[in-house]
1. Got a number for residues in segment 5-29 being closer than 20 Å to residue 163 by Cα, under 18 Å from the mean Cα position of the chain (by Cα) and assigned to a loop (DSSP other than H, G, I, E, B)?
2. May I ask you to list the residues in segment 153-180 that are crowded, with 17+ Cβ neighbours inside 10 Å and hydrophobic (A, V, I, L, M, F, W, C)?
3. Looking at segment 8-18, is at least one residue surrounded by 14 or more Cβ atoms within 10 Å (Cβ to Cβ), closer than 28 Å to residue 153 by Cβ, touching a strand residue (DSSP E or B) at 6+ places or on another chain (Cβ under 9 Å) and at pLDDT below 85?
4. Looking at segment 62-84, which of the residues that are in a helix (DSSP H, G or I) and at pLDDT 80 or above is farthest from residue 23 (Cα to Cα)?
5. How many residues are of a type in the set (Val, Ile, Thr), out of contact with any helix residue (DSSP H, G or I) (no Cβ under 7 Å at 6 or more places or on another chain) and surrounded by 15 or more Cβ atoms within 10 Å (Cβ to Cβ) if we restrict to segment 48-97?
6. Filter segment 26-56 down to the residues that are over 24 Å from residue 110 (Cβ atoms), in contact with a Leu (Cβ under 9 Å, 6 or more places away or on another chain) and modelled with pLDDT of 95 or more and list them by number.
7. Being among the charged types (D, E, K, R), outside any helix (DSSP H, G or I) and in contact (Cβ under 8 Å) with a residue 12 or more places away in the chain is the filter here, so list the residues in segment 134-174 that pass it.
8. Taking the condition in contact with a His (Cβ under 6 Å, 6 or more places away or on another chain) and at pLDDT below 90, does residue 99 pass?
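The values are calculated or read from the model by the stated rules, or taken from the named source; none is laboratory data. For clarity, every value in this text was computed on a predicted model and none was experimentally measured. Glycine also receives a Cβ, built like all others from the backbone with ideal geometry; neighbour counts cover every protein chain displayed.
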Amino acid sequence: MLPNVGHTVPRSGGPIAKAIGILGLKVLGWRIEGDIPDHPRMVAIVAPHTSNWDFPVGLAARFALRLDASWLGKHTLFRPPFGWIMRAWGGIAVDRSAAHDVVTQTIEAFKTRSQVFLVITPEGTRKKVSRWRTGFWHIAKGAGVPIVPIVFDWGTRVIHFLPAFTPRENVDEDVAALQSLYAGIRGRTR
């Protein structure tokens, strides 16, 4: 059984893509819990991000839920021969080696679109980190949109959608509060 998806959440794909996503989750041994809040524009944070295997699991969930989700990825993922499919699956290339203002550009993109479901991994890497990067918070705050925490629990193989979080005034307090939602959650280890 799939969770409820709010009526204004960006959607894409049809019954075939949905069936492929459901089959993918079943084959990989995953299920989804929690409802997706009814917001047309949001920043979703997925953690912990510890493995390349997070991508096919997330992609299967995207298809199963028929989400029109965009995600930020390292620019090298978008080189030929597979760049076209990464973009088709919602990928947006980010060059982290250059001095681009990704946060400002992303906020501007939110302002020009009526529906956006942007997925970000707050760790910014697959390595274990003690402190998250704060770009996701600045994007949500600047665009005036909620943050939807999504937990990838490899211990139980459950994707949990948690209630929407509205950014307040203190980035450090908000990030600490969000990070605490993931305490004790196990990422994939090898």
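1. Initial filter on segment 5-29 (closer than 20 Å to residue 163 by Cα): 5-11.
Then keep just the ones that are under 18 Å from the mean Cα position of the chain (by Cα); that gives 5-6, 8-11.
Filter once more, keeping what is assigned to a loop (DSSP other than H, G, I, E, B): 6, 8-10.
Residues that pass the stated criteria total 4.
2. 154, 159, 161, 162, 164, 165, 175, 178, listed by residue number.
3. No, the conditions are met nowhere in segment 8-18.
4. Step one: list which residues in segment 62-84 are in a helix (DSSP H, G or I), which gives 62-65, 75-78, 83-84.
From what's left, at pLDDT 80 or above: 62-65, 76, 83-84.
Values: 62: 12, 63: 10, 64: 8, 65: 12, 76: 29, 83: 25, 84: 24 Å.
Filtering segment 62-84 for residues that are in a helix (DSSP H, G or I) and at pLDDT 80 or above, the one farthest from residue 23 (Cα to Cα) comes out as 76.
5. So the count comes out to 2.
6. 31, 32
7. 153, 157
8. Numbers: in contact with a His (Cβ under 6 Å, 6 or more places away or on another chain): no; at pLDDT below 90: yes.
The answer is no for residue 99.
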